[in-house]
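The structure under discussion appears below in the form of structure tokens.
The values are calculated or read from the model by the stated rules, or taken from the named source; none is laboratory data. Here the structure is a predicted model, which is why all the values come from computation and not from measurement. Cβ placement follows ideal geometry from the backbone for every residue including glycine, while neighbour counts extend to all protein chains displayed. Quick note on the areas: whole protein, heavy atoms, side chains included, nothing else; ligands and nucleic acids left out. Shrake-Rupley method; radii C 1.70, N 1.55, O 1.52, S 1.80 Å.
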Amino acid sequence: MYVPWRRVASWHCDACGICCYRYRVRLTFYEYLKLRPTGLVEEKFGRYYIRKIGGRCPFQVGRLCSLQGVKKPAACKLFPFFVRRKGERDAFYEYNGEEFYVYISTDCPNVVLSRERRESKRVESLVREAVQLYTGEKRNVEFITAPTVV
Ligand code: SF4
Ligand code: SF4
């Protein structure tokens, strides 16, 4: 389930690794080209993915991600945040005069929902970074995901 960011009281990543085996990671074409030499990506019906091996992402080592910096797919950097161009009022976020709608996946066990609509300053700073990643203004995360060094 995805909830608008204003309905989330808090979140942190403790690198549990659940998202790395639950999802099939979709790549942009550019990400696909970068990772193609590994032989661990695939194209299906014009869409690009990390190939799952044994039901999990082959780049996961233990609980952590072995891909660093620019090689780590944007979808992975963003999770559990999802940025859209359309959405509901509680997901609205204005950045540089543009409208974005940010949702957070409750599949992450560390998402704590709020009983009422609120704007957590901490969550708002994460939302800001998610939007910066989405627009390409920022390439690497500082706050959203846990350190990925293995
Ligand atoms: S984003 Fe959530 S599910 Fe993924 S590693 Fe971090 S705590 Fe675990
Ligand atoms: S690329 Fe890294 S962050 Fe993405 S699913 Fe694989 S191990 Fe997890």
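For the stretch 1-57, filtering for residues that are more than 23 Å from Arg139 (Cα to Cα) and in contact with a Ser or Thr (Cβ under 9 Å, 6 or more places away or on another chain) leaves 8.
For the stretch 69-102, a residue qualifies if it is over 17 Å from Glu124 (Cβ atoms) and within 16 Å of ligand 1 (Cβ to nearest atom), and the qualifying residues are Lys72, Pro73, Ala74, Ala75, Cys76, Lys77, Phe79.
Taking the stretch 19-64 as the range and being in contact with a Gly (Cβ under 7 Å, 6 or more places away or on another chain) and of a type in the set (Ser, Thr, Tyr) as the test, only Tyr21 passes. Note on the stretch 1-27: among residues that are open to solvent by 20 Å² or more (accessible area, probe 1.4 Å) and assigned to a strand (DSSP E or B), the one that is nearest to Tyr103 (Cα to Cα) is Tyr2.
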